[in-house]
Amino acid sequence: MTGLRLHMNENTGGCSPRVVEAIRGMQATDLALYPEYGPYTEACAQHFGVRPEWVVLTNGLDEGVLLTALGHIARERAFDAEVIIPVPAFDSYPWATAAVGATPVRVPAGDDFAFPVAAVLEAITRRTRLVFLNTPNNPTGRLIAREDLARVAEAAPHAAVLVDETYIEIGGTSFLPDLPRHPNVIVGRSFSKVYGLAGLRIGCLIGHPDILQPVRAVTPLKNVNHVALVAMLAALDDKAFSSQYISEVRASRQIVYATCSRLGLRYWPSEGNFVLLDVGDPVRPVLDALQAAGLTVRDRSTDPYSPGCLRVTTGLTTHTQAAMDALEAALAGRQSS
């Protein structure tokens, strides 16, 4: 198998056939005219069980991360702002923090990458304007307990708390039912993973209208394209497809766990469509061997919080088995060299 991308946590099975059918059904005028967001926002809100005014559609959740920082820090001219980032973390958080000139406050994870709730609470100051919380966490796959999310939100009423739930459909319980009690929380959701729409770039932010108002104020006009909107509706409509993908992910993770156990590799059980595993040093020969076999995985070894580690996307079981076979061969080659 060649050209297998297992480094971006994409849906390795693609999107629903209904999505392709819906896109092919679009007319020339659909592409020539600016989209009207109302019906799509309403459909998205209905899917998540909230009112339309609680939803902002975004060009992928990466844009949602940046817009939250722009709205709550740059627009408010909070020049002494601090942003709390539990680490290891998704790269978009420090990038957005740097973009608005804020100071990142990195809080290292606990043992086995447990969420450091006490340390996060201690890091909150009057200068805290934004807190990034990712559950399940990328790259570790660890969950943050809903009660810990609530504790952080309550301890920082003067800040926006962005709870990134990109992978929550795969594992864990959403914070969405708790939003009415926490008006400073914004939940971020993505259609890139379970729904296979990474190439179309669509996500959303969900929260009380007051916490979303600064975000709306900096959101570009017509930021989401019409094709992505049509695809989102079709993807949400095909519940059987998304359920099947989730089943594949869970079976794939077991393949990785079994392989790691057999090879004596440390790994961390994940609730996402990926697994972080420790192949030890040196990492480069393993990466090169996988690349030669046509497989690309994420190198996390340069991150000081995950030395010796790789992150492998777990999508279709056939892809995962091919990756584990290649990993075993790569490790054998490193030992013999």
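In debye, nearest 20: dipole of the stretch 1-146 around its Cα centre with unit charges on the Cβ of K, R (+) and D, E (-)? Please list the in-between numbers first.
Numbers: 12 positive and 15 negative charges, 40 e Å.
Computed about the Cα centre, the dipole is about 200 debye.
Sticking to Cα atoms, compute the Rg of the stretch 142-272 to one decimal and its Dmax as the biggest Cα-Cα distance, whole number, in Å.
17.5, 53
Charges at C-beta only: +1 for Lys and Arg, -1 for Asp and Glu. How large is the resulting dipole of the chain about its Cα centre, in Debye rounded to 20? Before the final figure, lay out the partial values.
Details: 29 positive and 34 negative charges, 34 e Å.
The dipole magnitude comes to about 160 debye.
Please figure out what share of the DSSP beta bridges in the chain is antiparallel and state it in percent, rounded to the nearest 5. Provide the component values of the computation, followed by the final result.
Numbers: 19 of 40 bridges.
Expressed as a percentage, antiparallel bridges in the chain total about 50.
What fraction, in whole percent, of alpha-carbon pairs in the stretch 198-239 exceed 12 Å separation? Walk me through the numbers on the way to the answer.
Details: 580 of 861 pairs.
Within the stretch 198-239, distances greater than 12 Å cover 67 percent of Cα pairs.
Please report Rg (one decimal) and Dmax (integer) in Å for the Cα set of the stretch 176-227.
Reported Rg and Dmax, both Å: 12.8, 35.
If I take the Cα coordinates of the stretch 17-237 and project them onto the principal axes, what are the three extents in Å, biggest first?
55, 37, 29
Lys and Arg at +1, Asp and Glu at -1: add these up for the other residues within a Cβ distance under 14 Å of Ser261 and post the number. List each step's numbers first, then the result.
Numbers: positive: Arg253, Arg262, Arg266; negative: Asp278, Glu328.
Net local charge, Ser261 excluded: +1.
I want the local charge near Pro157. Using Cβ-Cβ distances under 13 Å, sum +1 for each Lys or Arg and -1 for each Asp or Glu among the other residues.
Spelling it out: positives minus negatives among the neighbours equals +2.
Which one, Ala323, Ala235, Thr166, is farthest towards the positive end of the dipole of the chain when Lys and Arg carry +1 and Asp and Glu -1 on their Cβ?
Positive-most Cα among the choices belongs to Ala323.
Expressed in whole Å with the largest first, what are the equivalent ellipsoid semi-axes of the stretch 35-89 derived from the C-alpha gyration tensor as the square root of 5 times each eigenvalue?
On the way: eigenvalues 150, 40, 22 Å².
Those come to 27, 14, 10 Å.
With springs only between Cα atoms under 10 Å apart, run a GNM on the chain and tell me which of Asn225, Asn11, Asn273 wobbles the most.
Looking only at Asn225, Asn11, Asn273, the largest GNM fluctuation is found for Asn225.
Let me know the charge dipole size of the stretch 59-117 about its Cα centre in debye, to the nearest 20, where only the beta-carbon of Lys, Arg (+1) and Asp, Glu (-1) is charged. List each step's numbers first, then the result.
Working: 3 positive and 8 negative charges, 45 e Å.
Value, rounded to 20: 220 debye.
If the stretch 46-120 were replaced by its equivalent ellipsoid, with semi-axes equal to the square roots of 5 times the Cα gyration tensor eigenvalues, what would those be, largest first, whole Å? Display every interim value, and only then the final one.
Working: eigenvalues 115, 73, 25 Å².
For the stretch 46-120, the ellipsoid semi-axes come out as 24, 19, 11 Å.
FYI, it's all coordinate maths here, none of it is from the lab. The structure displayed is predicted, hence computed values, not measured ones. Reconstructed Cβ throughout: ideal geometry from the backbone, glycine too, with neighbour counts over all protein chains shown.
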